[in-house]
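Here the structure comes first, spelled out in structure tokens, and everything after it is commentary.
Only the coordinates and a few stated rules stand behind these numbers; no lab work does. The structure presented is a predicted model; accordingly, all values stated were derived computationally and were not measured. Here the Cβ is made from the backbone with ideal geometry for all residues, glycine too, and neighbour counts use every protein chain on show.
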Amino acid sequence: MEFVFEGIVFNILPEQTGTSARGEWHSQNVVFEMQNNSPYSRKVSVKFFNKRDDVARLVTGAAYKVTFDVESREFNGRWYTDVIGRKVEPKEAAQIAQAPYSEPIPAAPVAPTAPVAAPMPTEEPAMPTQSAQVVDDLPF
């Protein structure tokens, strides 16, 4: 059974490597601060096993949607529980992927272009002479 939560990357811990009968393996824990309405922040450490490329894309302080499983195992009479990351994607990409498809909005009609202005006169207007009466119609 897979579970999902949204969280902000709080810390990316160092990678651990090893060799087993199946070959070389890589494991890396990432601590997420879960987003909830509680006044207390909750952090969860998620182990990514052989997902080196996924962890390399994570950025501290960025929000992600994390899909995970919970696994428990017994060792020497004690039980240990791991949160195993299956998939991690940026929160924005998750919202876009889940958005229902809608018809595209038609483009707005193109407004008609403004009329072309008349060309500027090449001659300067003549200055009034002393005999011409100057009318001052400005209100100030």
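What's the total number of residues in the range 5-32 that are touching a residue at least 12 places away in the same chain (Cβ under 8 Å) and part of a strand (DSSP E or B)? Looking only at that region, the number is 17. Consider the range 7-30 and keep the residues that are closer than 21 Å to Glu89 by Cβ and aliphatic (A, V, I, L, M). The one that is surrounded by the fewest Cβ atoms within 10 Å (Cβ to Cβ) is Leu13. Does Asn76 satisfy the criteria of being on the phi > 0 side of the Ramachandran plot and out of contact with any strand residue (DSSP E or B) (no Cβ under 8 Å at 6 or more places or on another chain)? Yes.
Residues in the range 33-63 that are in a strand (DSSP E or B) and over 16 Å from Val83 (Cα atoms): 1 in all. Listed conditions (1) part of a loop (DSSP other than H, G, I, E, B); (2) touching a helix residue (DSSP H, G or I) at 6+ places or on another chain (Cβ under 8 Å) are all met by Val88, apart from (1). Assess whether Ser27 counts as being polar (S, T, N, Q) and in contact with a strand residue (DSSP E or B) (Cβ under 9 Å, 6 or more places away or on another chain). Yes: the conditions hold for Ser27.
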